[in-house]
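Engineer: One structure, pasted below without further comment.
The values are calculated or read from the model by the stated rules, or taken from the named source; none is laboratory data. Everything quoted here is computed from the prediction, not taken from an experiment. Cβ placement follows ideal geometry from the backbone for every residue including glycine, while neighbour counts extend to all protein chains displayed. What goes into the accessible areas is simple: the full protein's heavy atoms, side chains included, and nothing from ligands, DNA or RNA. Shrake-Rupley method; radii C 1.70, N 1.55, O 1.52, S 1.80 Å.
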Amino acid sequence: MTDPAAAAWSDFCTRLAALAETLPEDPAARADGVRHLARQAVMALQGHLEHGDPAHPSFHRYEEPWVQWGGPNPDNVYLRAPIDPTATYRLWGDVTGVREAIFSLVEGDMHLGAFGVWSEQTLSELTVGGDGVLEVWVSPDEHPGNWLATDPAATQLLVRQYQVDWEQDRIATLHLERVDTRGLRAAPLTDEAVALALDRAAGWVEASATFWSDYMEGARGAMAHNAFGPPNTPPGGAPNIAYGGGWWALGPDEALVISHHRPDADYWGWTVHHRHRMDSGDFADHLTSTNGAQAHVDPDEQVRLVLAATDPGVPNWIDTQGRPEGLLVYRYVGTRSRPVPEALVAPVADVRRHLPAGHPVVTPAERIEQLAARRRAVLARYQ
């Protein structure tokens, strides 16, 4: 007789194989689609099979360039851990040099219909010790010091650390322990536990593959093309973050010239999200994002960006990676102002006509150096 774990593995593989039917019909998008499914499987297996025990929690780092899900911000380093909302946990770490972080207790993942967000606090709102060590208690009952109150429906602790200056901002190593199981060994792995984890992982990938594709198609149909709406906080998003976006639809020789006043915000940035997958592109090797520390701001306090498939020779180039359409999102965190971007379509060759006379020129050699530095910074982040 086949044991439950082996049967669950066979079922897991069968269910993932069936997801080939969800791949986009466009042959040019199918390679990316297959890679995206593989990345979803990696994240699900890590989350449910390796980091799924709330009695002995461990932080699971996700949203790396090669494991993307749900429109990650390339300026964030993401951690998550499962929790039991009836238990007490201690989180701590040396946060010296960390620019900002957001700590959230959430119901679960949006594509599973779990949108609740509770007890969200930023690093700047918390008390850090004189030695640079942050300590946060996560529990249903009030605790002295920094405290995140659990909700009966809260199942995960999420941490977003902001690395705005990719070469200077430090990322902290954080630790998490459950008080009543501290120092105790986890129970031996059983066939039943592996079978349940594989079933949850398969369901996670199945739901993700359809939810985010449908989400992007909904955005494509609902948004004005080559224009941007005002920022807001969607269900399931962090309350401290205001998101805005627009759908681009450009020919191979066209560019979208975007401008907005520099926001009065703790953080602001722009990111590409691709159709069908809602990933953020190959952000280690391409300029698929920029932020307030990286972007050029003109003397009139206007931020001017150019979205295009080919390099327009400007400092704030957002690379579509040759995709003819997709979602371009901006984020304002802790913002006191909410400027709405304006945009126009122009031939790439004519972009300069829509920029101030003193707007910088980036040469091909300078672009190579910029991209090389970007790659080094991203890969160093995940070593």
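Engineer: Can you spot a residue in the range 314-328 that is more than 22 Å from the chain's Cα centre (by Cα) and either over 21 Å from residue 72 (Cα atoms) or acidic (Asp, Glu) (or both)? If you could, list the steps in order and put the result at the bottom.
Structural biologist: Taking the range 314-328 and keeping what is more than 22 Å from the chain's Cα centre (by Cα), we get 314-315, 324.
Subsequent filtering for residues that are either over 21 Å from residue 72 (Cα atoms) or acidic (Asp, Glu) (or both) retains 314-315.
Yes - at least one qualifying residue is present in the range 314-328.
Engineer: Name the one entry in 60, 51 that is out of contact with any Leu (no Cβ under 9 Å at 6 or more places or on another chain) and either within 29 Å of residue 160 (Cβ to Cβ) or at pLDDT 95 or above (or both).
Structural biologist: Testing whether each residue is out of contact with any Leu (no Cβ under 9 Å at 6 or more places or on another chain) and either within 29 Å of residue 160 (Cβ to Cβ) or at pLDDT 95 or above (or both) leaves just 51.
Engineer: Looking at the range 248-275, which of its residues are open to solvent by 50 Å² or more (accessible area, probe 1.4 Å) and in contact with a helix residue (DSSP H, G or I) (Cβ under 8 Å, 6 or more places away or on another chain)?
Structural biologist: 253, 254, 266, 275
Engineer: Go through (1) small (Gly, Ala, Ser); (2) within 30 Å of residue 55 (Cβ to Cβ); (3) buried (at least 17 other Cβ atoms within 10 Å of the Cβ); (4) modelled with pLDDT under 95 and name the single condition residue 186 misses.
Structural biologist: The number of the failed condition is (3).
Engineer: Another one. Which residues, counting only those in the range 212-224, are open to solvent by less than 20 Å² (accessible area, probe 1.4 Å) and out of contact with any helix residue (DSSP H, G or I) (no Cβ under 8 Å at 6 or more places or on another chain)?
Structural biologist: 216, 219, listed by residue number.
Engineer: Those residues that are more than 18 Å from the chain's Cα centre (by Cα) and not in a helix (DSSP H, G or I), I need them from the range 212-237; list them, please.
Structural biologist: If the condition is that a residue be more than 18 Å from the chain's Cα centre (by Cα) and not in a helix (DSSP H, G or I), then 223, 224, 225, 226, 227, 228, 229, 230 are the ones that fit.
Engineer: A follow-up question, please. Every residue in the range 189-198 that is part of a helix (DSSP H, G or I) and surrounded by fewer than 16 Cβ atoms within 10 Å (Cβ to Cβ), please.
Structural biologist: Correct list: 191, 192.
Engineer: If I go through the range 1-48 residue by residue, how many of them are part of a helix (DSSP H, G or I) and in contact with a Lys or Arg (Cβ under 6 Å, 6 or more places away or on another chain)?
Structural biologist: So in the range 1-48, the residues part of a helix (DSSP H, G or I) come out as 4-22, 27-48.
When the remaining residues are screened for being in contact with a Lys or Arg (Cβ under 6 Å, 6 or more places away or on another chain), the result is 36, 48.
Result for the range 1-48: 2.
Engineer: Could you please find all residues in the range 286-329 being within 19 Å of residue 71 (Cβ to Cβ) and in contact with a helix residue (DSSP H, G or I) (Cβ under 6 Å, 6 or more places away or on another chain)?
Structural biologist: 327
Engineer: Let me ask something else about it. Of the conditions (1) touching a helix residue (DSSP H, G or I) at 6+ places or on another chain (Cβ under 9 Å); (2) farther than 18 Å from residue 147 by Cα; (3) of a type in the set (Asp, Glu), residue 100 satisfies every one except a single condition; which number is it?
Structural biologist: Answer for residue 100: the failing condition is (2).
Engineer: Starting from residues that are under 20 Å from residue 163 (Cβ atoms) and not in a strand (DSSP E or B), keep the ones in the range 238-261 and report whichever is farthest from the chain's Cα centre (by Cα).
Structural biologist: Filtering the range 238-261 for residues that are under 20 Å from residue 163 (Cβ atoms) and not in a strand (DSSP E or B), the one farthest from the chain's Cα centre (by Cα) comes out as 240.
Engineer: What's the number of the only condition in (1) buried (at least 20 other Cβ atoms within 10 Å of the Cβ); (2) more than 16 Å from the chain's Cα centre (by Cα) that residue 288 fails to meet?
Structural biologist: (2)
Engineer: Would you check which residues across the range 18-27 are open to solvent by 70 Å² or more (accessible area, probe 1.4 Å) and modelled with pLDDT of 90 or more and list them? I'd like the intermediate steps shown before the answer.
Structural biologist: Taking the range 18-27 and keeping what is open to solvent by 70 Å² or more (accessible area, probe 1.4 Å), we get 21, 25-27.
Selection gives 21 alone.
Engineer: Would you mind stating whether residue 209 is hydrophobic (A, V, I, L, M, F, W, C) and either part of a helix (DSSP H, G or I) or open to solvent by 80 Å² or more (accessible area, probe 1.4 Å) (or both)?
Structural biologist: yes
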